[in-house]
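Report on the structure given below.
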Amino acid sequence: MSGTGATHSAIDAVWRIESAKIIAGLTRIVRDVGLAEELAQDALVAALEKWPQHGVPDNPGAWLMAAAKYRALDELRRRKLVERKHDEYGHELEVHEAHLHVDSHEAPDDDVGDDLLRLIFIACHPVLSPDARAALTLRLLGGLTTDEIARAFLVPEATMAQRIVRAKRTLTEARVPFEVPRAAELQQRLASVLEVIYLVFNEGYAATAGDHWMRPALCQEALRLGRILAELVPGEPEVHGLVSLMEIQASRTAARVDAQGVPILLLDQNRARWDWLLIQRGLAALARAEALGGALGPYALQAAIAACHARATTPDATDWPRIAALYDALAQLMPSPVVELNRAVALSMAFGPAEGLEVVDALVAQGALRGYHLLASVRGDLLARLGRMSEARAEFETAASLTRNARERALLRDRAAACAS
């Protein structure tokens with residue numbers, strides 16, 4: 001790789017690591033997340049122009065932050081806000097102007113953690129739709145390009161660009177404050193943040209559409225965001241619960257597909273291929289959640305279920321009665337048809353397929369999951385275990401017709417064919 005190519009690779013790596021901190025710090029100054037991102041991009045352009053000539057600074061993150069703050073100062077001067085000494089923006093400038101002369105050895109701002117936390121709460125604000133929150137979170141906190149996010153969610157780049165622009169405009173028009181929510185609304189807003197991070201993770205873990213069963217890069221981004229959040233709010237058990245859940249689920253990545261990319265179901269996976277370092281990290285995060293006391297929340301309960309699988313060295317060693325009990329607790333805490341479907345699977349493994357089929361048939365009668373391919377898939381599996389092969393085949397064919405993921409569709413068709421034979 002040429003010197004310029006190596007420098008550009010270094011800039012890309014630094015940007016992925018530092019961009020969220022830079023945008024967060026700038027948002028505190030200019031109080032506009034869209035403008036903050038533009039100023040950060042200007043600093044990136046400056047790095048692309050200067051670093052190939054002068055070399056990568058010893059502290060590249062501090063260099064980018066300083067360059068971005070100079071641009072913030074120019075922008076606010078252009079708006080004639082500097083002279084308003086008692087204005088909130090002017091006060092911020094007085095504070096930051098004294099620190100703009102950053103050399104390459106300066107440490108990051110002391111309040112960078114607070115800024116990041118505020119940025120997370122802005123990007124995941126409930127005023128935005130879940131899809132917009134996920135896209136903006138990956139853009140601002142993950143450092144992904146619009147094209148990368150569009151490819152991850154299988155939409156055209158122009159569509160994703162419009163979604164991100166609208167999200168930033170909505171935040172500006174709603175005048176969402178750059179602050180961590182007060183105690184009264186912290187839990188509600190934190191739930192939105194956790195929902196977005198898990199949405200990103202799930203899209204990577206089991207892609208809703210496309211030709212690939214998984215998109216590991218999205219899982220990695222969600223894990224990174226979860227780990228950051230766990231350090232920023234260490235006293236919140238559900239944050240550690242979500243991190244635990246993602247760590248344990250991510251540990252199975254290498255075992256979830258074969259060499260041709262064909263999906264491998266949980267009970268058929270080679271557990272020697274599970275990442276035991278991630279499992280240990282997940283179990284440690286679950287222990288942190290439990291140590292904080294109180295009843296386990298939805299994410300911690302799901303992490304406890306994942307831990308049951310992780311601790312079992314073989315499928316037969318799985319503690320299915322405990323998993324069923326945990327799903328009972330989850331259904332009480334967070335009742336939903338999807339939780340009930342998962343509970344049916346656990347009941348079938350603990351007490352026999354007829355027990356699970358009774359729950360699934362009740363869901364079918366309710367109609368709440370009509371059109372959900374996993375309902376038909378689970379029902380097909382239970383019917384096959386009961387020897388009702390023609391019915392099972394019909395369910396697998398229905399499930400195949402409903403999924404938008406090509407790999408999953410092929411798997412379901414194979415299962416339907418197996419029932420026929």
With LEU232 itself left out, Lys, Arg at +1 and Asp, Glu at -1 over residues whose Cβ is under 11 Å from its Cβ give -2
Applying the Karplus parametrisation 6.51 cos²θ - 1.76 cosθ + 1.60 with θ = phi - 60° to the phi angles of segment 159-170, what ³J(HN,Hα) value in whole Hz is obtained for each residue in order, glycine and proline being reported as x?
5, 5, 4, 5, 4, 5, 4, 4, 4, 5, 5, 4
Could you tell me which of rounded, prolate or oblate describes segment 357-399, using a ≥ b ≥ c as the square roots of the eigenvalues of the alpha-carbon gyration tensor, with rounded for a/c under 1.5 and, failing that, prolate when a/b is larger than b/c and oblate otherwise?
oblate
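How much length is gained if the chain between ALA217 and ASP414 is pulled fully straight, taking 0.36 nm per residue apart and subtracting their Cα-Cα distance, in nm to one decimal?
Here the answer is 68.1 nm.
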Once a ≥ b ≥ c are taken as the square roots of the eigenvalues of the Cα gyration tensor of segment 212-370, is the result rounded (a/c under 1.5), prolate (a/b larger than b/c) or oblate (a/b not larger than b/c)?
oblate
Helix 88-97: angle to the longest alpha-carbon principal axis of the chain, degrees 0 to 90, nearest 10?
70 degrees
Taking N as the residue count of segment 213-261, its alpha carbon Rg divided by 2.2 N^0.38 Å gives 1.32
Estimated distance in nm for a label pair at GLN187 and SER421, the labels positioned 7 Å out from Cα along Cα-to-Cβ:
5.4 nm
Nonlocal amide H pairs with VAL257, under 5 Å, H built at 1.01 Å:
ILE264
Mind checking which of ALA376, THR314, MET160 is farthest towards the positive end of the chain's charge dipole, using Cβ charges of +1 (Lys, Arg) and -1 (Asp, Glu) about the Cα centre?
ALA376
Measuring from centroid to centroid over Cα atoms, what is the spacing of segment 365-403 and segment 139-165 in Å?
34 Å
Given an 8 Å cut-off on Cα distances and at least 6 residues of separation, report the relative contact order of the chain as a percent.
10 percent
Interchain or sequence-distant (5+) residues whose placed amide H lies within less than 5 Å of the amide H of ASN405 are none
Once both label points are put 7 Å beyond Cα along the C-beta direction, the ASN270-ASP58 separation in nm becomes 4.8 nm
Round to a whole angstrom and tell me the spacing of the C-alpha centers of segment 169-194 and segment 19-41.
17 Å
Give a quick list of GluC sites (Glu not before Pro) in segment 149-188 that DSSP marks as loop, anything other than H, G, I, E or B, with at most 11 other Cβ atoms within 10 Å.
none
Taking the Cα centre as origin and putting +1 on Lys and Arg beta-carbons and -1 on Asp and Glu beta-carbons, what dipole magnitude results for the chain, to the nearest 20 debye?
860 debye
Gyration tensor verdict on segment 241-315 (Cα atoms; rounded if a/c is under 1.5, prolate if a/b is larger than b/c, oblate otherwise)
prolate
For the pair ARG227/GLU179, report the inter-label distance in nm, with labels modelled 7 Å from Cα in the Cβ direction.
3.2 nm
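Bear in mind that the values in this text are calculations on the coordinates, not laboratory data. Bear in mind the structure is a predicted one, so any value in this text is a computation, not a measurement. We place every Cβ from the backbone using ideal geometry, glycine too, and count neighbours over all the protein chains shown.
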